[in-house]
Every structure is written in C-alpha cells, then in structure tokens.
Amino acid sequence: MSGIDFTPFVISFKLATIVTLILFLICLPYGWYLSQTNSKLKPFLEALMAMPIVLPPSVLGFYILYALSYNSPIGEFLDKYFGIKLVFNFPGLVVASCLYSFPFMLQPIQNGFEGLKKSMLEASYIGGKSKFETILKVALPNMKPSLVSALVITFAHTVGEFGVVLMVGGSIPGKTKVASVAIYEMVEEMDYSSAHIYSAIMVAISFLVLLTVYFFNKKIKSRFV
C-alpha cells in the first residue's frame, strides 16, 4: 500500500468551513424572513431553496457547471469584467457547495425561528428592542439546538459531497481533489487498502457529527425539564 495523502481531507475541511460560514451569514436573515413573512410566494421560495435535497447531484452539478462556464452569460460576464473564473478551481467549489448545501443550513434555522413563541418576540419589541436586537439577544439564544444542527450538518454534508464537486471542480490534486473524489479514484485504481482508510475516516466523521448534534440537543432540552 502506498503512503496515504491526507491533502484531500484538508481541502474538504477547508471547503466545508468556508461554505458553512458563508451559508450561516446568508441563512440567518433569510430564515428569519421566511419564518415571519405571510407572502403568497413563501411556498415557492421554500420549494426553490429545497430543490438541492431532491435533485440528483449530477443534474445540479451540470447546471452549476454550465452557469459558471465561460460559454454562459454569467460565466462570460464574470470573466470579462472581473477576471473571475469559477470552473475547475477552489472558488468554484465554494460557489457550487453553497448552492448544494443551502437547504441544509436554511431549514433548521427557519424551523428554529418558527418554533419561537410569538409572545416572547412581541415582549422584546414592546421592551424597545429593535428587530436586530430581538434576533441577536432573544431569538438566537433560545434556538441553540437548531443553530448547532444547521452548522454541524451543513459542515458534514459539504465534507461528504461527491457529485457536484466532481462536476464543477474536477479532480486537481492539491486544489479541487476532495476526500470523496479521492475515494472514488482509489476504487477505480483498485487501491482498496487506501479506500478503506479514507472511507473509515469519513464514517467516523459522520458518526461524530450526528453524536454531537444529538448530545448537544439532549443537553439543551434537559435544562428545560
């Protein structure tokens, strides 16, 4: 068995960290909006944002690849006016992973906001707090399990993604070759020993992620019993 290169895991963790932070900042205000709005467009917006859950990764990856490629209006515009290329590089992986992992961050946050008692929010407004202060000092501290679930599951989902990242980023060693793609290539090369090690690490990560979520949520719930 040849030496194991753990660079793909470094790239995976780097990608997952960046994507998780970006989506957290985006989904907090968006989740709040969806939880509070009575717009007739709400079901449409929710369905649109949830599509990455049901779409095959190859389909989503294909459309993201096309949208970011130099032949598309978006890709051509970014390349021509900003010199930004988002195909087969790490920034492209970040964009693609943000789109694919979006619902995994949004839905727990939205559910957390919707689970808050309206009387608690109204009391905050009556007490003179602004909407921003209410979200920061009242809503977020009372929905910690939802926040932890959103952060941890989004991180783990991004680490384990295969189809979308392969379509958009390819398999460039040291740049876009993430752990899931590395496992696929090891199996193709019949390097089962290395594939076992990589896969075992992924299994351990998945278990630790779920254990963290369940343990934290149980701990939070026990405080209110």
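Summary of computed values
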quantity	calculated
Charged-residue dipole, Cβ positions (Lys, Arg, Asp, Glu), the stretch 1-158 about Cα centre, Debye nearest 20	440
FRET efficiency for I126 and I26, using Cβ-Cβ distance with R0 set to 25 Å, rounded to 0.05	0.25
Lys/Arg +1, Asp/Glu -1 at C-beta; the chain dipole; positive extreme among Y30, V159, I11	Y30
Whole-Hz ³J(HN,Hα) from phi, Karplus 6.51 cos²θ - 1.76 cosθ + 1.60, for the stretch 198-203, glycine and proline x	4, 5, 4, 5, 5, 5
Overall dimensions of the chain by Cα: Rg and Dmax, Å	20.1, 67
Acute angle (nearest 10 degrees) that the helix 57-68 long axis makes with the longest principal axis of the chain, alpha-carbon atoms	90
Residue with peak Gaussian network fluctuation, the chain [Cα springs, cutoff 10 Å], from F77, F104, F88	F77
Value of [θ]222 nm, deg cm²/dmol, for the chain, DSSP H segments ≥ 4, -39500 (n - 2.57) each, nearest 500	-24500 deg cm²/dmol
Least to most buried among I84, I11 (fewest other Cβ within 10 Å first)	I84, I11
Ranked V94, V87, criterion: other C-beta atoms within 10 Å, fewest first	V94, V87
Loop-located trypsin sites (Lys or Arg not before Pro) in the stretch 93-148, at most 14 other Cβ atoms within 10 Å (DSSP)	K117
Relative packing of peptides 194-207, 166-179 - highest average C-beta neighbours within 10 Å first	166-179, 194-207
The chain, relative contact order in percent, only Cα pairs under 8 angstrom and at least six apart counted	30
Modelled FRET efficiency - R0 22 Å, Y184 with V59, Cβ distances, 0.05 increments	0.75
Long-range Cα-Cα pairs in the stretch 37-137 (distance over 15 Å), rounded percent	73
Highest-MSF residue in the chain out of L121, L99, L60 [GNM, Cα springs under 10 Å]	L121
The stretch 112-168 - Debye-derived log10 I(q)/I(0), Cα point model, q = 0.26, 0.30 Å⁻¹	-0.98, -1.14
Under Karplus coefficients 6.51, -1.76 and 1.60, residue-wise ³J(HN,Hα) of the stretch 98-105 in Hz, glycine/proline x	4, 5, 6, 8, 3, x, 6, 8
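None of the figures in this text is laboratory data; all of them are computed from the coordinates on show. No experiment lies behind these values; they were computed from the predicted model shown. So basically every Cβ, Gly included, is an ideal-geometry build from the backbone, and we count neighbours across all protein chains shown.
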